[in-house]
């Protein structure tokens, strides 16, 4: 009997297809997974192990959107159509249909919980503003298509995600300018800017003066 672990890149592509509700990507990924799994003389236990891992990933996506969903029911529903006694092509087609249906279901959960997700992202940004955060990364983290996430974020705050991130960073920098004696370049690095000149330009655009002037004026006023 042969054993194999489905490649991470293949699984990641399927999960991306589910997140994006991209039926073509789902189709290609499902067929790639079955090509890797159902080879001649494949060990049935290894097939089940691989499928169980994949099912757990899908169930986790749903729970990230709504922690009230029943993880066991989701896994059982998908498993029912993923491994059965039918031909390999029938298995493949059934599994593909189930994953497509699941992607639609996830999209429905996401739509119902869009405001909740925006708040989660807001809290994440406030705690991790110093890191190299991107909208694509947030989409992957919260299982939302990045383009759709950008739309609901702008609708909620009236600005783009990048503008919101910059605002959080500059606001934190303003606090540090007042409360510490750190150099401007040190504060820039602390809040997530590796380029001090870029930081100064962003600060002037948002606050109307340079970081040094802001520090002097604020301290003199206080």
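The values are calculated or read from the model by the stated rules, or taken from the named source; none is laboratory data. Just so it is clear, the structure is predicted and the values come from calculations on it, not from any experiment. Please note: Cβ atoms are built from the backbone with ideal geometry, for glycine as well, and neighbour counts cover all protein chains shown.
Remarks
- Selection status of residue 136, surrounded by fewer than 16 Cβ atoms within 10 Å (Cβ to Cβ) and more than 12 Å from the chain's Cα centre (by Cα): no
- Enumeration of residues in the range 179-188 that are at pLDDT 95 or above, surrounded by fewer than 16 Cβ atoms within 10 Å (Cβ to Cβ) and assigned to a helix (DSSP H, G or I): 186
- Residue 161 vs. criteria in contact (Cβ under 8 Å) with a residue 24 or more places away in the chain and more than 26 Å from residue 55 (Cα to Cα): yes
- Filter result for the condition that a residue is surrounded by 14 or more Cβ atoms within 10 Å (Cβ to Cβ), assigned to a loop (DSSP other than H, G, I, E, B) and modelled with pLDDT of 95 or more, over 143, 193: 193
- Residue in the range 116-132 that is surrounded by 13 or more Cβ atoms within 10 Å (Cβ to Cβ) and in contact (Cβ under 8 Å) with a residue 60 or more places away in the chain present: yes
- Residue 105 being closer than 20 Å to residue 169 by Cβ and either over 11 Å from the mean Cα position of the chain (by Cα) or assigned by TED's automatic domain parsing to the domain that holds residue 58 (or both): no
- Condition check for residue 51: surrounded by 15 or more Cβ atoms within 10 Å (Cβ to Cβ), modelled with pLDDT of 65 or more and not assigned by TED's automatic domain parsing to the domain that holds residue 140: yes
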